[in-house]
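Quick notes on the structure that follows.
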There are 2 protein chains.
Amino acid sequence: MIRVKVPATSANIGAGFDCLGIALDLYNIIEAEEIESGLKITIPESDKGYIETDERNLVFISMKRLFDEVGYRPKGLHINLINNIPITRGLIGGMTVACIVEGEVKYVRIDLPDYIKLLVMVPDFQLPTSEARAILPQNVPMQDAVFNISRAALLTASLITGRLDNLPAAVDDRLHQPYRKGLIPHWDEIMSKMAELGTKGTFLSGAGPTLITIMDKDYDNIRAETCKFLAAFEQHWDVYIMDVCRYGAELLAQGKGEIVCR
Amino acid sequence: MIRVKVPATSANIGAGFDCLGIALDLYNIIEAEEIESGLKITIPESDKGYIETDERNLVFISMKRLFDEVGYRPKGLHINLINNIPITRGLIGGMTVACIVEGEVKYVRIDLPDYIKLLVMVPDFQLPTSEARAILPQNVPMQDAVFNISRAALLTASLITGRLDNLPAAVDDRLHQPYRKGLIPHWDEIMSKMAELGTKGTFLSGAGPTLITIMDKDYDNIRAETCKFLAAFEQHWDVYIMDVCRYGAELLAQGKGEIVCR
């Protein structure tokens, strides 16, 4: 049996729409084993109705693509998904700037300071990515594009050089959040509260509805205040303090948690 | 008398439209002296017709603003402009990522590796910034905005971390160069030639028409090959190898070149 540990990622860090992502200290474990015949995919009870358990399953599709690539044909397959990452809430592992240029991924990995932690706010409502995508316009004002370019460059430079004072301004965005905020109840109030708590910027994780706030200190107090604040709303929000995951996917030893390769 | 030395700058580094600038090792010197009465502005012969020599002069307007700010009123003023920077060719005066957020300039200075030099190609035709601005659309496709955001972030991260292999892809732009390239004869041929010479990316300096190529080696040979190549065209191009200026404006000692403050 093969066990792989994959961290949650949050894409679209503020102005870095579709290019700045971060891995979180929150993991899914994928166990896969060749069996005599057939395809058997087991998932947690809570994910039923959201994850396919037949040939449309994304993990199976990825494995099949690798098998095709290397020319191996397993007799049958048992895939067991141990999922800790909330489904369709905008979470799926350091921070990476990436773009695809002529089919090749060009990227730079950014090592964030250890004292940066993230406050991750996960609501009890789901927001399908398809819906969050459909709400975006096809054309945007040039000045909004320039707004995001400048913030994305400032955010990148500030994170690499440790200029955290720039972050609240640098995570601002005009390309997706203004269109999507209507899908998140109490957006403006939450944003104001996070600024008031002295955090370093709040943004929509991926296509939402999870929100992420950057913190450089006072973690537990900020979490407590945030929980108290969010409890006044009709939606329920789970609030977590998360470290940035320093590694990507990991291959674990059989039956144990030891890391075989990274 | 006061003497100030100001480096040329090139804005719009590739994808960093309106936010990524670089200072060059090419300078204007501004000499200013209080006189008994009146305003006397002297400029080089070659700049006549391009630079105002009355109260509309930009240096005078800047000085006046400072005088107003500090409450000083000079009796009269003699300003002597010793200009080495070509006018309206997209060059004025490390590398800086900057944006203005609520009236405040947020920036990060990037120290480039010493071996990065720039090949600066200045043509004999002028391109007024007003014309280069008028040609830009008010709205742009979302995918072009995302294209630039990702490259601007990748460019910034690659320059800070020394990942020069990413540069040719990272300086690419879809927000202003595709609209302005028609104003630069032989754009495509020049771009192809620069890539063929193994340089690290070529972009329009500011609103053009000057072009800048990033080099990490082989400087003299690249310059010689470029001169030979450009000589075939009907326009004349002056081609310079320039260092990145590590400092901003400098106050020089009276009558000498010594630096008083930076």
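The values are calculated or read from the model by the stated rules, or taken from the named source; none is laboratory data. What you are looking at is a predicted structure, and each value in this text was computed from that prediction instead of being measured. Every residue, glycine as well, gets a Cβ built from its backbone with ideal geometry; the counts of neighbours run over all protein chains shown. Surface accessibility is based on the protein's heavy atoms, side chains included, excluding ligands, DNA and RNA. Shrake-Rupley method; radii C 1.70, N 1.55, O 1.52, S 1.80 Å.
When you check B:Leu154 against the structure, is it within 20 Å of the chain's Cα centre (by Cα) and of a type in the set (A, V, I, L, M, F, W, C), yes or no? No; evaluated as a whole, the condition is false for this residue.
So, in segment A:130-143, exactly how many residues are open to solvent by less than 80 Å² (accessible area, probe 1.4 Å) and touching a helix residue (DSSP H, G or I) at 6+ places or on another chain (Cβ under 8 Å)? Talk me through it step by step, then tell me what you get.
Just the residues of segment A:130-143 that are open to solvent by less than 80 Å² (accessible area, probe 1.4 Å), to begin with: A:132, A:135-137, A:140-142.
If we keep only those that are touching a helix residue (DSSP H, G or I) at 6+ places or on another chain (Cβ under 8 Å) as well, we get A:132, A:135-137, A:140.
Within segment A:130-143, residues that are open to solvent by less than 80 Å² (accessible area, probe 1.4 Å) and touching a helix residue (DSSP H, G or I) at 6+ places or on another chain (Cβ under 8 Å) number 5.
Right, B:Gly206: part of a loop (DSSP other than H, G, I, E, B) and either within 19 Å of B:Asp238 (Cα to Cα) or open to solvent by less than 20 Å² (accessible area, probe 1.4 Å) (or both) or not?
Details: part of a loop (DSSP other than H, G, I, E, B): yes; either within 19 Å of B:Asp238 (Cα to Cα) or open to solvent by less than 20 Å² (accessible area, probe 1.4 Å) (or both): yes.
Here the answer is yes, as B:Gly206 does meet what is asked.
Quick test for you: out of A:Asp218, A:Asp238, pick the one residue that is at positive phi and among the charged types (D, E, K, R).
Of the residues listed, the single one that is at positive phi and among the charged types (D, E, K, R) is A:Asp218.
Using the structure shown, decide if A:Ile149 is open to solvent by 20 Å² or more (accessible area, probe 1.4 Å), facing chain B (nearest Cβ under 7 Å) and in a helix (DSSP H, G or I).
Details: open to solvent by 20 Å² or more (accessible area, probe 1.4 Å): no; facing chain B (nearest Cβ under 7 Å): yes; in a helix (DSSP H, G or I): yes.
Here the answer is no, as A:Ile149 does not meet what is asked.
Restricting segment A:104-146 to residues that are away from chain B (no Cβ under 11 Å) and among the small types (Gly, Ala, Ser) leaves a set whose member that is farthest from B:Val97 (Cα to Cα) is A:Ser130.
Residue-wise test of (1) closer than 30 Å to A:Ile30 by Cβ; (2) crowded, with 19+ Cβ neighbours inside 10 Å; (3) within 14 Å of chain B (Cβ to nearest Cβ).
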{"site": "A:Ile160", "(1), (2), (3)": "no, yes, yes"}
{"site": "A:Asp165", "(1), (2), (3)": "no, no, yes"}
{"site": "A:Pro168", "(1), (2), (3)": "no, yes, yes"}
{"site": "A:Tyr179", "(1), (2), (3)": "no, no, yes"}
{"site": "A:Gly182", "(1), (2), (3)": "no, no, no"}
{"site": "A:Pro185", "(1), (2), (3)": "no, no, no"}
{"site": "A:Gly198", "(1), (2), (3)": "no, no, no"}
